[in-house]
Amino acid sequence: MSRASSPRVLLAAGGTGGHLFPAEALAVELVKGGVEIHLATDQRGMAYGGAFPAKERHAIRAATPSGKSPLALAKALFSLGLGFVQSLWLVHRLKPDAVVGFGGYPSVPPVLAAWLLGVPTLVHEQNGVLGRANRFLAPRAKAIGTGFAEVKGVSPSFQDRIHLVGNPVRPLVIEAAHQAYQPMASDGPIHLLITGGSQGARVMSEVVPKALGLLPPALKARLAIVHQARGNDLATAEHLYAEAGIRADIRAFFDDLPKRIADSHLVIGRAGASTVAELAVIGRPSILVPLPGSLDQDQAANADSLARIGAATVMRQSDFTPEALAAVLERRFTHPSELTDSSLAAKSAGIPDAAARFADLVVLTAGLDVKRSKLP
C-alpha cells in the first residue's frame, strides 16, 4: 500500500496523556525525517491540546470492554466494531506505510485493520505489564517497542519481536532534563511537586496537605508547594492547605509540568508510564502511589522499576495516610543527601533518546525511505 510520495505513518492511541505523550514524541521524530503523520484516536484524543504534529486527526469509535454487565460489554464491543469498520476505510483511504499503536482500546481498530490489509504494524507498551489492548495486538505486530527492560505478560511466541526503546518523552521533557538537580540547602526552600497524572488523583488532594501540616514548624516554614489537582478537587486542596497554614500554587493544569518537575527536590505522584519516564529522564526523586484496583497492576510494576534502584519510595494507597506520609517526608527532608542520591539513581534509568530509538525501529520495520542518524 506504499505510495511514491513521502512516507506516511498512522499513529493510533487512546485519548489519555499516557498514550498520547509518547505518540506525540514519536511523531515529532518522524516528522524530522519528512514523514507525514496522521493520528487515530477517540473523542478525548481529538480534544487533546498538545502540539501534536499530525496532518489530520481521525476520530475512531471505541470503548473499554468490562465485565460490569452483559449490556455494557455488548455496547463496548459494538463501538469497537464500528471503530473497526471506520478504520478499514481510513487505512484503505490513507494507504499508510505503517500503523503504530500506543495502547488503549482506541488503538485496536486501526492496528487490526492495518494488519488485515497487509500494512506493517508496530505497537508500543509504555508500562511494565503488557496492557490488554496491546496483549491482543502484539501477536499481529511486526515489532513491539517497550518502555521497560522487563515487561510482564509477554508471550514467548513473540518474545523475539520485543525491542527495548524506552518511553518516548515530549520535547519539553528533554529540555527540562538539561537542568541539573539542585541539592536542598539545610535552611533553604523545599520545592515539592504533587501531581496525580493526566486524569488526576483525589487522594493526593486529601492526604498530602494534611501530611504537610503534621511536619515540624521549621520544615513547614520552608515548603514551596506546587500541586496539580483535579478541577473538582481544587477547593478541597485549597481549604486543607489553608487549614495547615501552608501556601501552595494549586492548579488543575500546568502546561509547563516538566519544568516544574525539574525545579523540584521531590515529586509525589501516581506511577503512570509517562510520569515514571519523565522522572527518570529529568532525574528527580519521588514518592509514588500506584493506582490501586487496576487489573494489570501496571503502575505497581512501573513504580517498582524506580524503587529497585533507590530512585523512588513506593507507598500503597491503603498505606498512604497523612501520618505515614509525614513520617516519610520528614525523613527525606532531614536527610537531603538521600534525595540527591535518589535523583542520580533516577537519572541513570532514563532513556532520553527513546523517541529516536523507536523512530528507528519504525523506519527499519516498515522499510521507510527515511534517513535516520542512528541507522547503520
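Of everything listed in (1) among the acidic types (Asp, Glu); (2) surrounded by fewer than 16 Cβ atoms within 10 Å (Cβ to Cβ); (3) in a helix (DSSP H, G or I); (4) modelled with pLDDT under 95, the single unmet condition for residue 187 is (3). Filtering 197, 213, 283 for residues that are assigned by TED's automatic domain parsing to the domain that holds residue 336, modelled with pLDDT under 95 and out of contact with any Pro (no Cβ under 6 Å at 6 or more places or on another chain) leaves a single hit, 197.
The residues listed here are 328, 362; of these, the one that is in contact with a helix residue (DSSP H, G or I) (Cβ under 9 Å, 6 or more places away or on another chain), surrounded by 15 or more Cβ atoms within 10 Å (Cβ to Cβ) and assigned by TED's automatic domain parsing to the domain that holds residue 206 is 328.
The residue list 356, 303, 273 contains one member that is under 25 Å from residue 257 (Cβ atoms), crowded, with 24+ Cβ neighbours inside 10 Å, of a type in the set (A, V, I, L, M) and at pLDDT 95 or above, which is 303. Restricting 35, 111 to those that are among the β-branched types (Val, Ile, Thr), farther than 16 Å from residue 168 by Cβ and at pLDDT 95 or above reduces the list to 111. Within the range 34-58, the residues that satisfy the criterion of being of a type outside the set (D, E, K, R) and buried (at least 17 other Cβ atoms within 10 Å of the Cβ) are 35, 37, 38, 39, 40, 41, 45, 48, 52, 54, 58. Sub-9 Å Cβ pairs linking a first residue in the range 145-167 that is on the phi > 0 side of the Ramachandran plot to a second residue that is part of a loop (DSSP other than H, G, I, E, B) and not small (Gly, Ala, Ser), at least 6 apart or interchain, are 153/130; 153/296; 166/148; 166/351; 166/352; 166/353, ordered by first then second residue.
Each residue in the range 38-65 was checked for being touching a helix residue (DSSP H, G or I) at 6+ places or on another chain (Cβ under 6 Å), polar (S, T, N, Q) and modelled with pLDDT under 90, and 1 of them qualify.
Note on the range 133-151: residues that are outside any helix (DSSP H, G or I) and closer than 20 Å to residue 117 by Cα total 4. Against the numbered list (1) closer than 21 Å to residue 296 by Cα; (2) without any contact (Cβ under 8 Å) to a residue 24 or more places away in the chain, residue 78 comes up short only at (1). Of all the criteria given as (1) part of a helix (DSSP H, G or I); (2) surrounded by fewer than 20 Cβ atoms within 10 Å (Cβ to Cβ); (3) not hydroxyl-bearing (Ser, Thr, Tyr), the one not satisfied by residue 154 is (1).
For beta carbons closer than 8 Å, sequence separation of 6+ or different chains, a first residue in the range 272-292 that is over 17 Å from residue 204 (Cβ atoms) and a second that is acidic (Asp, Glu) and at pLDDT below 95, the qualifying pairs are 273/298. For the range 180-224, the set of residues classified as touching a helix residue (DSSP H, G or I) at 6+ places or on another chain (Cβ under 7 Å) and either free of Cβ contacts under 8 Å to residues at least 24 places away in the same chain or of a type in the set (Asp, Glu) (or both) consists of 206 only.
Of the residues making up the range 233-270, those that are in a loop (DSSP other than H, G, I, E, B), surrounded by 15 or more Cβ atoms within 10 Å (Cβ to Cβ) and aromatic (Phe, Trp, Tyr) number 1.
The criterion of at least 2 residues that are touching a Cys at 6+ places or on another chain (Cβ under 6 Å) is met by none of the helices (runs of 4 or more DSSP H) falling completely within the range 285-376. In the range 111-129, the qualifying residues are those that are out of contact with any strand residue (DSSP E or B) (no Cβ under 6 Å at 6 or more places or on another chain) and touching a residue at least 40 places away in the same chain (Cβ under 8 Å), and the one that is farthest from residue 357 (Cα to Cα) is 117. Annotation for the range 218-228: no member residue is assigned to a helix (DSSP H, G or I), buried (at least 23 other Cβ atoms within 10 Å of the Cβ) and either modelled with pLDDT of 95 or more or in the same structural domain as residue 23 (by TED's automatic domain parsing) (or both). Among the residues examined, residue 207 does not qualify as of a type outside the set (D, E, K, R), crowded, with 16+ Cβ neighbours inside 10 Å and closer than 18 Å to residue 282 by Cα. Pull up the range 66-106, narrow it to residues that are crowded, with 17+ Cβ neighbours inside 10 Å and among the hydroxyl-bearing types (Ser, Thr, Tyr), then point me to the one that is farthest from residue 120 (Cα to Cα). Among those residues, the one meeting the criterion is 79. Scanning the range 326-337 for residues that are in contact (Cβ under 8 Å) with a residue 24 or more places away in the chain, under 20 Å from residue 283 (Cβ atoms) and not hydrophobic (A, V, I, L, M, F, W, C) returns 332, 336, 337.
The values are calculated or read from the model by the stated rules, or taken from the named source; none is laboratory data. As the structure is a prediction and not an experimental result, all values here were calculated from the model. Every residue, glycine as well, gets a Cβ built from its backbone with ideal geometry; the counts of neighbours run over all protein chains shown.
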